[in-house]
Amino acid sequence: MSRWTTGLTVMAIAVLVGVGRTAVAQDPAPADPARRSHIALTGMARMTVTRALHGAMRRLSTPECQRLFEDFTDQSGRALVTNLAATESAANVLAALYFVDGDDTVRCRTDRIVAAFTTPGSHVIHVCGQRFNQFTVMSRSGEILLIHELLHSLGLGENPPTSARITAAVMNRCR
């Protein structure tokens, strides 16, 4: 390679690296937490969960909905608002959860009512995709369900309170 070609190559690399750095420096983290979400679903289930996630995050931004975290405690008796306090916001916690295909799980196959489930403290929400897809018509229901599952991921157990009581509280607070 000639000295001239080597110089051009070095300059081209420097320009590309400089442009890359400028672009990175000017591109802040996405303001929309849903863009950072972890949705390991495909097809209609992915679209339905994404839509419900956006709506749930919108609901979580209201002060009345945020009071929901004062209404419940985790299994050790600590208010969920305390568990949430270490994080940026309920919407960010929801966006950080992992939504995975649960259609092949025993729970999705045997329980004809369940559309999504998790265990207290888990960051993985199993979505019964075929059932969750029914929420395309009733988007509010999908949003409420995701907030319900968020409460479990923060440590809320079930029975007590019953699943119906949890959902009723979410519906009441997160209109």
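The values are calculated or read from the model by the stated rules, or taken from the named source; none is laboratory data. Just so it is clear, the structure is predicted and the values come from calculations on it, not from any experiment. Every residue, glycine as well, gets a Cβ built from its backbone with ideal geometry; the counts of neighbours run over all protein chains shown.
Take region 43-63 and flag every residue that is surrounded by fewer than 14 Cβ atoms within 10 Å (Cβ to Cβ) and on the phi < 0 side of the Ramachandran plot. Can you show your working first?
Let us first name the residues in region 43-63 that are surrounded by fewer than 14 Cβ atoms within 10 Å (Cβ to Cβ), namely 43-44, 61-63.
Passing the criteria: M44, S61, T62, P63.
To keep it simple, each residue is scored yes or no on (1) in a helix (DSSP H, G or I); (2) of a type in the set (D, E); (3) at pLDDT 95 or above; (4) more than 16 Å from L154 (Cα to Cα).
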{"residue": "V24", "(1), (2), (3), (4)": "yes, no, no, yes"}
{"residue": "P28", "(1), (2), (3), (4)": "no, no, no, yes"}
{"residue": "A31", "(1), (2), (3), (4)": "no, no, no, yes"}
{"residue": "R35", "(1), (2), (3), (4)": "yes, no, no, yes"}
{"residue": "M44", "(1), (2), (3), (4)": "yes, no, no, yes"}
{"residue": "R51", "(1), (2), (3), (4)": "yes, no, no, yes"}
{"residue": "A56", "(1), (2), (3), (4)": "yes, no, yes, no"}
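Any residue at all in region 118-128 that is assigned to a strand (DSSP E or B) and farther than 18 Å from D74 by Cβ?
So far as region 118-128 goes, yes, one or more of its residues are assigned to a strand (DSSP E or B) and farther than 18 Å from D74 by Cβ.
Tell me which of these G155 doesn't satisfy, since it passes every other one: (1) more than 16 Å from T50 (Cβ to Cβ); (2) part of a helix (DSSP H, G or I); (3) among the small types (G, A, S).
Evaluating G155 over (1) more than 16 Å from T50 (Cβ to Cβ); (2) part of a helix (DSSP H, G or I); (3) among the small types (G, A, S) leaves (2) as the failure.
Given the criteria surrounded by fewer than 17 Cβ atoms within 10 Å (Cβ to Cβ), of a type in the set (D, E) and either at pLDDT below 95 or in contact with a helix residue (DSSP H, G or I) (Cβ under 9 Å, 6 or more places away or on another chain) (or both), does D103 qualify?
In short, yes.
Looking at L146, L150, which is the one that is outside any loop (DSSP other than H, G, I, E, B), assigned by TED's automatic domain parsing to the domain that holds T73, among the hydrophobic types (A, V, I, L, M, F, W, C) and out of contact with any Gly (no Cβ under 9 Å at 6 or more places or on another chain)?
Exactly one of L146, L150 is outside any loop (DSSP other than H, G, I, E, B), assigned by TED's automatic domain parsing to the domain that holds T73, among the hydrophobic types (A, V, I, L, M, F, W, C) and out of contact with any Gly (no Cβ under 9 Å at 6 or more places or on another chain), namely L150.
Among the residues of region 58-77, write down those that are at pLDDT 95 or above, over 17 Å from R140 (Cα atoms) and hydroxyl-bearing (S, T, Y).
If the condition is that a residue be at pLDDT 95 or above, over 17 Å from R140 (Cα atoms) and hydroxyl-bearing (S, T, Y), then T73 is the only one that fits.
If a residue has to be part of a helix (DSSP H, G or I), surrounded by fewer than 18 Cβ atoms within 10 Å (Cβ to Cβ) and either in contact (Cβ under 8 Å) with a residue 24 or more places away in the chain or not polar (S, T, N, Q) (or both) to count, how many in region 73-98 make the cut?
Here the count works out to 4.
One line per residue, one yes/no per condition, for (1) surrounded by 14 or more Cβ atoms within 10 Å (Cβ to Cβ); (2) hydroxyl-bearing (S, T, Y); (3) under 20 Å from E64 (Cβ atoms); (4) in contact with a helix residue (DSSP H, G or I) (Cβ under 6 Å, 6 or more places away or on another chain):
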position: R107; (1), (2), (3), (4): no, no, no, no
position: T118; (1), (2), (3), (4): yes, yes, no, yes
position: G121; (1), (2), (3), (4): yes, no, no, no
position: I125; (1), (2), (3), (4): yes, no, no, yes
position: E143; (1), (2), (3), (4): yes, no, yes, yes
position: A164; (1), (2), (3), (4): no, no, no, no
position: C174; (1), (2), (3), (4): yes, no, yes, yes
